[in-house]
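A.B. asks: Following this message is one structure expressed as structure tokens.
Laboratory data are not the source of any read-out in this text; all were calculated from the coordinates shown. Keep in mind it's a predicted model, so treat the numbers as computed, not measured. Note: ideal-geometry Cβ built from the backbone for every residue, glycine included; neighbour counts use all protein chains shown.
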Amino acid sequence: MPERSIPALRAAIAAHTPQLLADFEANWRARIADTYDISAAPAFLARWWAEYALARDPGLDRHVRDLEERAAQSADPDKAMALLEEAAQIHRRASLLGPGE
């Protein structure tokens with residue numbers, strides 16, 4: 001993981017997970033650049049930190065997306081909740097990674 005800053009994260013995304021770059025840039029414009037709301041920067045960084053952490057591991061990223069898709073398609077609310085909780089736990093672990101991990 002890069003230094004925990006928006007410029008460092010953007011550079012890492014561009015270098016290692018370029019498929020995320022267009023969404024990163026669009027989200028940056030919508031949430032911060034176009035609104036001039038820098039108070040949104042910590043939430044922006046947290047979201048994209050986890051997105052990048054998952055995208056670095058395509059197998060884990062596929063697993064999380066599969067959990068979310070299965071939850072969306074499940075007719076059993078308890079099963080859907082369990083699938084979403086597993087996906088959320090993976091997202092939480094990804095968000096806790098530090099620079100260099």
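A.B. asks: In degrees, nearest 10, range 0 to 90: what is the angle between the Cα axis of helix 77-95 and the longest Cα principal axis of the chain?
C.D. replies: So the inclination is approximately 30 degrees.
A.B. asks: Let me know the Kirkwood hydrodynamic radius for the chain, please, with Cα pairs as the basis and the value in Å to one decimal.
C.D. replies: 14.5
A.B. asks: Among Ser39, Ser5, which comes first, second and so on when ranked by fewest other beta-carbon atoms within 10 Å?
C.D. replies: If I rank by nearby Cβ atoms, fewest first, I get Ser39, Ser5.
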